[in-house]
Each structure stands twice: as C-alpha cells, then as structure tokens.
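The values are calculated or read from the model by the stated rules, or taken from the named source; none is laboratory data. From a predicted model like this one, the values you see are computed outputs, not experimental measurements. Here the Cβ positions follow ideal geometry from the backbone for every residue, glycine too, while neighbour counts run over all protein chains shown. Please note that ligands, DNA and RNA were not included when accessible areas were found on the heavy atoms of the full protein model with its side chains. Shrake-Rupley method; radii C 1.70, N 1.55, O 1.52, S 1.80 Å.
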Amino acid sequence: MTRSETLIPHPVSAKAEKRKRIAIAFAPRFFLLIVVGLAWLGAAFHDPRFYYALAAWDLLALIAWCIDLATLPSAKQISLTRRWTDAAALSVPGTITLVLENSGRIPVYAKIVDNVPACLRSEAPELDVKCAAHSEASVEYKIVPRQRGDVELGGTYVRYQGPLRIAERWALAHTEQKICVYPNLEEARQHSVYLIRSRQIEMEKRHSRIRGSGREFESLREYRKGDEVRDVCWTASARRGKLVTRVYQIERSQTIWLVVDAGRLMRARVAGLSKLDLAVNAALSLSEVALGTGDRVGLLAYGRSIQKRMLPHRGSAHLRQLIQQLAYVRNEGLEGDHLQAVSALLSTQKRRSLVVWLTDFPETAMTPEVIDAASEAALRHLVLFVVIGQPDLATLAASEPDSVLNMYRTTAAQETLHRREVLLAKLRQRGALAVEVNSAAASVTLVNSYLKVKQLNLL
C-alpha cells in the first residue's frame, strides 16, 4: 500500500431517512398533467358540463400520483455511499464518487445533492442518476481543496421519482464525515521522482563512498604524503610505531530541521495560496527528498508559541506523521516569536545539523527579529534561510513608470527589494545560506538548495 493510499479517507455509507415529516412532493409531470387538463376550460365556456370533465381529469391525475407514490421505494430502501479516489490535498483536483443503492422493486430517477463545504467546492454538486431495481448506480464530481486541515462534510440529500415521474420522495442520508486536507502531495511526489532519477539519489542508494570527504569515520590506513595532520590518529600511531591516518567518508545520514514560520506575515496570498501554504508545500517536498536519501527530518512550526514539534527520524512512517502535522499548521494573526523558536530548536538539537527556515520578514528600518534568531542558530548549525518572495513587488520594481504616482510606487518597490537584499546579505555574512524564492518555484528552489548542500558536503 502506497503512502497516498493510506491517506485516502474511508468511505461512508448510510441508509436514507425521511428528510421531513412530510417527505413527499408532486413531481414536474404531475403539474404537466394539470396544465393539460386546463384544455377542458375552453369547452367549458360553451358547455358548463365540461367542468365536471376537468374535475374528473384532475382527480385521475391525483389518483395516478397516489399510485406512483405507493410504488416508490421507501427512504429505508435507498442507501448512499461516499467514496474517495484520492487523498484530499491542497490545490490538487480530486474526485468523489457517490453510490446510490436501490433495494426497491422499481427503478428510480434520483437527484443527489452532496453537502460539501465551500473550501472543497464553490457550489454544492447536483447530480442526476438512474438506478435500476435491486441494483446500484454511481456518479462522480470534482473538488479542489483550498484549505489545509480538518474539513467537515455534511449529509447527502436525495430526491427520487419512479418511472411515471409523477410523485417524488425526499430523503437524507447521514454521510457526515470529517476528513483531513493535506499539503500538496502531488508536488512532493514529483520532486521525489526527480530525485530518484538524479545522480545524487543514485549515489545515496548505492552507498558509494568518497574517501577524504565528509567527517564520518570509515577506516584507518598508513600515513601518505599530503594527508592532513588533523587526520592523524595518534593513539593508533603509537601502537603501531608509525603514522596512521583516519579515512573519512560522506555522512550517510544527516539531520535536517524544517522550521516553518506561521506568523501574520505568512498570511499574504500569492496566486490563490497563502505564503504559509507555499512554505508547507515546499517543506513537504524537501521532506520527501531528504528522507529518500536516508537523512533524518524534524519539524518545528511556530507562531506566538510552538505549534508543532517533531524530533528527527527517518522512514515512511515518519513521513506520514510529517504530512499529518504539516496539514494542521495554522496561520496566526500576530508575528511569530522567532527567539522562542530558536531557543526551542537549540535546546532540542545539540549536534550540528541543517536548519531550513521558511519565513518572511517585515520591511522596517531595524533589523527584524527573525534575522537575529537565524543568526543565533547559525552559530551552531548550517542555516538555509528561505524567504517567500512577493512576485508583484518584483514586477512593480521592474516596471517603467508612466506617471508621477507610478514613479513613487516603483521607487518604493525598488527600495523595499534593496532593503530585503541587504538583510539577506547580512545574514550570509554571519554564516547562513540565505535565498529569496519565487512563490511559483519555492519547492524547486528549496530542493535544489538542499541537493547543493549535500553535494558540497557543507555539513
């Protein structure tokens, strides 16, 4: 069973119940019969006895309605099932299948309305389906989730008619359920496939060793000209009576910490998604890639307080837990407490690791707190500081002003971009790797930066 299959919501089935105390109605064909009967009115103007014919016609229509209603299956003979074909993921189109089971003696023509929240679909789907007697029929509709975390779906409403289409029953199936909308799983899977096909993952999977690189001990050998003095093992040299050198290899398993800022600055929306959504998607993509290379991945998401904290581990089970935790990282209305976050990180992770910090900072005259917090982390760890950029700001800064007002706007945008670059340059001087990413390519840039760190053995 693949990872995405384990995240698919369970199907929900329920027998229908009467929607109201009076859960019956006249179908459109009944009113058509009444309209046809009005033809007797023309003749009734000449002969009043035709009024009796009109009344008889209406009575026959009512009798036909009663007969059709009596033959319709009761609500208890109708069952509905909601099935999911894929896991619900942010901005990824999905399909929901509704299965209607008819245990009655006649076929039914049903109109189904599924109570789906607006964050999955802008309008509730209205679906027509025909189901034969003692059989079942299915119909599908599409959703596009626009919000991570728990989402509640309501019951399913059904209105059904018999072959005569004169009478109608209303029913409700209690198919309420709560599902979890995860980050963009498809984007993460694509980056994982890319890595598997790349040279980097081939080196990791085969455990190919590059002697002389890295700081993970592999073996001892006799000293050779050109070996560094720091690599000499003096205890072994004393025992053997000659110089012995330690041989190192690239570390097979390193620790990666994902630090995700969920403060107010990450609420800004870019291309329909918040910056936090983009950061979460990028974090999931990097998690998939890093765990694929055998690295341990941890998570620290914070706002004014620590929202989520997961210690570094590896494996598919840990990846599923990361997906679950990332789904519930929520935006907050206040700026995140960056100093508290770095304090929690430093107290948890003592050994040097790669800290990937996904955030944004305000354009102020003073140095933002997040810059100071990242600088503090850089004293012990290798920090990859990733700022989610604002595309419209770069577009405005590059535009040619055609009026005095636009000139001021363009100048302000250019000054803002310059200020951001100065802050990132200051962070680089303190030993961190700092980059501002385009929102559309946040995941790609982040994965490539991670691969570059691995390739250069910066840890």
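Accessible surface calculations at 1.4 Å, restricted to protein heavy atoms, place the range 32-146 at 54 Å² per residue. Each Lys or Arg adds one and each Asp or Glu takes one away; over the other residues whose Cβ falls under 12 Å from the Cβ of Ile78, this sums to +3. Which of the lysines could be linked to Lys225 by a straight reach, that is with a Cα gap under 27 Å, when you skip same-chain ones fewer than 8 residues away? Output for Lys225: Lys242.
Between Ala238 and Ala14, the contour length at 0.36 nm per residue exceeds the Cα-Cα span by 72.8 nm.
Per-residue surface analysis assigns Phe50 an accessible area of about 70 Å², computed on protein heavy atoms at 1.4 Å probe radius.
Listed by chain and number, the aspartates and glutamates placed with their C-alpha closer than 13 angstrom to that of Lys178 are Asp150, Glu152; residues fewer than eight positions away on the same chain are left out.
Placing unit charges on each Cβ (+1 for Lys and Arg, -1 for Asp and Glu) gives the chain a dipole about its Cα centre, and among Tyr182, Val447, Ala88 the Cα reaching farthest toward its positive end belongs to Val447. Surface composition of the chain: carbon and sulfur make up 54 percent of the accessible area, probe 1.4 Å.
Using the 1.4 Å probe convention, the accessible area of the range 302-406 works out to 47 Å² per residue with neighbouring protein chains retained. Shown are Ser79, Ser91, Ser347, whose ranking by accessible area with a 1.4 Å probe and every protein chain present, most to least, is Ser347, Ser91, Ser79.
What size of dipole, in debye to the nearest 20, comes out for the chain about its Cα centre when the only charges are +1 on Lys and Arg C-beta atoms and -1 on Asp and Glu C-beta atoms?
On the way: 62 positive and 46 negative charges, 408 e Å.
The dipole of the chain has a size of about 1960 debye.
Between Leu38 and Ser316, residue separation times 0.36 nm minus the direct Cα-Cα distance comes to 93.0 nm. When log10 I(q)/I(0) by the Debye sum over Cα atoms at q = 0.09 Å⁻¹ is calculated directly from the model, which label among (1) -0.76; (2) -0.66; (3) -0.53 fits? The value computed from this structure is option (1).
When all protein chains stay in place and ligands, DNA and RNA are ignored, the 1.4 Å accessible-area order of Met366, Met310, largest first, is Met366, Met310.
If you stretched the chain out fully between Thr85 and Asp231, how much longer would it get, using 0.36 nm times the residue separation minus the C-alpha to C-alpha distance?
On the way: separation 146, 0.36 × 146 = 52.56 nm, distance 5.64 nm.
Going from the current span to full extension adds 46.9 nm.
Rounded to the nearest 10 square angstrom, Lys18 shows an accessible area of 140 square angstrom against a 1.4 Å probe.
Modelled spin labels at Asn331 and Ala441, positioned 7 Å past Cα toward Cβ, are 2.6 nm from each other.
For Arg165, what charge total do you get from the other residues with a beta carbon under 13 Å from its beta carbon, if Lys and Arg give +1 and Asp and Glu give -1?
Combined, the nearby Lys, Arg, Asp and Glu give +2.
Helix content alone sets the calculated 222 nm mean residue ellipticity of the chain: runs of n ≥ 4 DSSP H residues at -39500 (n - 2.57) each, divided across all residues, give -11500 deg cm²/dmol. Sorting Ser375, Ser399, Ser343, Ser122 by accessible area puts them as Ser122, Ser343, Ser399, Ser375; the probe is 1.4 Å, largest comes first, and only protein heavy atoms count. Among the lysines, select those whose C-alpha is under 22 Å from the C-alpha of Lys454, and discard any that sit fewer than 8 residues away in the same chain. Reachable lysines: Lys205, Lys350.
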